[in-house]
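This report concerns only the one structure given below.
The values are calculated or read from the model by the stated rules, or taken from the named source; none is laboratory data. These numbers were taken from a predicted model, which means no experiment stands behind them. Here the Cβ is made from the backbone with ideal geometry for all residues, glycine too, and neighbour counts use every protein chain on show. What goes into the accessible areas is simple: the full protein's heavy atoms, side chains included, and nothing from ligands, DNA or RNA. Shrake-Rupley method; radii C 1.70, N 1.55, O 1.52, S 1.80 Å.
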Amino acid sequence: MSCVRVRFAPSPTGPLHLGGIRTALYNYLFAKKHGGTFILRMEDTDRKRFVPNSESYILETLKWCKIEPDEGVGYGGLYLPYYQSQRGEIYRFYLSKLLEEGHAYYAFDTDQELKSRRKEYSDRGLTFSYNASMRIHLKNSLNMTKKQLDYQLNSGSSYVVRFKIKPGEKLKIHDMIRGTILVNTDHLDDKILLKSNGEATYHLANTIDDYLMKITHVIRGEEWLPSMSLHILLYRAFGWNPPRFAHLPLILRNDGKGKISKRNADSFDFPIFPLKWVVPETKKTIQGYRELGYFPEAFVNMLALLGWNPGMKKEIFSLQELKDSFSLENINKSGMVFNLKKANWFNKQYLKKKKEELLSFLYRKLQNRSLFYEKDYLWKVIHLTIDRIHFIHEIWEHSFYFFVSPSSYESSFFNKICHKNTIVQLEICKNLLSDIHPFTSENLRFLFETKIQNKCKIMQLFRFSLVGSLKGSDLFIILEMLGKKESIQRIENIMKEIKEKIF
Ligand code: GLU
């Protein structure tokens with residue numbers, strides 16, 4: 001095992017969306033590429049945002065995608081506990097070191113006080129920031145004697161602990177995807193490390209955990225890039241070497257309205273959740289890729305290429321191939337727009353290798369209707385239909401006419417052909433069919449080519465009688481597959497329907 005250790009660190013605040021599961025995937029692929037360890041850590045310190053069932057959803061999604069962690073929540077490991085909510089003491093211990101060494105300080109400003117400061121600033125067209133130039137005017141331990149501080153702490157006043165950022169530094173940070181970034185520490189504020197309820201904030205907990213869990217590479221969404229300088233400064237304050245960072249480009253909405261997020265899952269015209277999600281408040285179910293019939297391999301393949309460029313034309317990658325070729329260097333810098341057509345195309349490529357599954361699906365459909373067909377016939381149907389579909393479940397709507405006559409006729413075309421003349425034409429065709437021996441597609445094609453005038457129109461009529469719409473496979477193959485008796489029967493059926501309508 002190499003020393004590469006990466007983590008996927010979701011907060012249990014709802015289902016994963018495409019961006020979240022892609023972060024997990026890239027972490028997994030990077031770990032596997034380097035023979036490293038993929039860890040799942042639950043960042044559940046913010047109890048206010050906790051949503052029940054999120055954790056089981058995350059675990060089930062990783063299982064469905066076959067990108068299971070080697071270590072962490074649900075998998076155990078040497079760095080227990082993997083829930084941040086159970087690591088409070090660890091955070092307080094390390095925070096006390098920052099306080100002792102003067103890298104952090106207590107702040108007693110009330111929400112109301114800060115609010116009025118903010119207002120005062122914004123009224124003057126300025127932005128209030130709790131930073132080096134401001135903190136000397138505020139109610140914090142930097143402006144108190146030891147005695148005053150002890151008094152405040154002992155009197156039970158509410159406080160937070162803030163990180164003391166040294167101003168005036170041009171900090172050089174390196175992101176594996178974006179390269180070197182310069183940050184002026186004058187622009188950073190003294191972020192809260194410990195909230196007034198005694199809980200560590202994300203910044204503190206995340207940094208301590210990544211260090212203690214020996215994380216070598218932090219691979220996460222671009223929304224965390226602005227926090228990177230703070231995290232680097234935290235590592236420095238602790239005297240620890242930071243891991244390497246890679247911030248992944250956002251997945252963008254296809255309507256130009258920014259990034260996708262789980263909050264407005266309903267407003268997309270494409271699915272954003274890997275698995276179905278029942279919204280706790282409304283009990284409404286939002287379908288996921290799994291329920292919609294995407295294969296996990298296709299989903300993972302599509303997702304891998306949504307932000308990562310394999311550096312070659314090839315687009316179909318098995319999970320093993322992804323593990324072999326993945327690299328952080330080939331991740332795009334700019335946001336990626338999701339393309340549903342492309343996602344369906346991926347599914348289609350995998351569907352082509354799922355003929356046995358299509359066969360069992362058809363078997364089941366037929367069994368439910370107490371119908372039985374020879375395997376050869378089913379294989380022929382699959383062969384004729386597979387290019388028209390993207391999902392297993394679509395095969396029935398594209399092939400039912402090989403097994404059962406249409407239960408209804410598509411109304412706009414039916415109304416168009418509802419006249420006496422059609423009956424006459426169908427009658428002639430019916431008689432022509434009766435004379436064909438053997439009833440093969442070649443003979444039928446020959447008949448149409450040689451004996452039928454107004455060929456296109458008659459072919460449409462035939463197709464409509466057999467299928468119920470103008471869709472479907474090659475007409476002559478359908479006729480051959482159905483056989484003479486069934487074909488004639490379906491022509492008689494539609495003649496009857498037309499007669500009922502016009503007489
Ligand atoms: N808990 C953070 C999230 O859910 C993870 C950020 C990180 O990976 O550092 O987005």
Computed about the Cα centre, the charge dipole of the chain from +1 Lys/Arg and -1 Asp/Glu charges at the Cβ has a magnitude in debye, to the nearest 20, of 560
Of the candidates I436, N140, M42, the farthest towards the positive dipole end of the chain (Lys/Arg Cβ +1, Asp/Glu Cβ -1, centred on the Cα centre) is I436
In the chain the DSSP beta bridges are antiparallel at a rate, in percent to nearest 5, of 55
Summing -39500 (n - 2.57) over every DSSP H run of at least 4 residues in the chain and dividing by its residue count gives a helix-only mean residue ellipticity at 222 nm, to the nearest 500 deg cm²/dmol, of -13500 deg cm²/dmol
In this structure, the FRET efficiency calculated for N154 and L182 from their beta-carbon separation, with R0 = 60 Å, to the nearest 0.05, is 0.85
Applying the gyration tensor rule to the Cα atoms of the stretch 134-204 (axes a ≥ b ≥ c; rounded if a/c under 1.5, else prolate if a/b exceeds b/c, else oblate), the class is oblate
In the stretch 77-183, the trypsin sites (Lys or Arg not before Pro) that sit in a DSSP loop and have at most 16 other Cβ atoms within 10 Å of their own Cβ are R124
Whole-percent carbon and sulfur contribution to the accessible surface of the stretch 108-170 (1.4 Å, no ligands, DNA or RNA) stands at 52
Taking N as the residue count of the stretch 403-503, its alpha carbon Rg divided by 2.2 N^0.38 Å gives 0.99
Using alpha-carbon positions, the gyration tensor of the stretch 165-236 gives root eigenvalues a ≥ b ≥ c; with a/c under 1.5 called rounded, otherwise prolate if a/b exceeds b/c, else oblate, the class is oblate
The stretch 135-190 and the stretch 259-306 have their Cα centres apart by a whole-number Å value of 40
Note to self: with every protein chain in place and a 1.4 Å probe, the chain gives an accessible area per residue in Å² of 50
Per the C-alpha gyration tensor (a ≥ b ≥ c, the square roots of its eigenvalues), the stretch 249-308 is rounded if a/c is under 1.5, else prolate if a/b beats b/c, else oblate; here it's oblate
extent check for the stretch 438-482: Cα max minus min per principal axis, descending, whole Å, gives 25, 24, 12
Share (percent) of C-alpha pair distances in the chain greater than 32 Å works out to 58
Expressed as a whole-number percentage, the relative contact order of the stretch 251-406 with C-alpha contacts under 8 angstrom and at least six residues apart is 20
Residue span I316 to M459: 0.36 nm per residue of separation minus Cα-Cα distance leaves a gain in nm of 47.6 nm
Filtered hits (lysines, Cα-Cα < 16 Å from K455, offset >= 8 within chain) -> K430
Rounded to one decimal in nm, the spacing of the 7 Å Cα→Cβ label points at T282 and S412 is 3.1
For the stretch 1-120 the mean separation of alpha carbon contacts under 8 Å (6+ apart) over residue count, i.e. relative contact order in percent, is 25
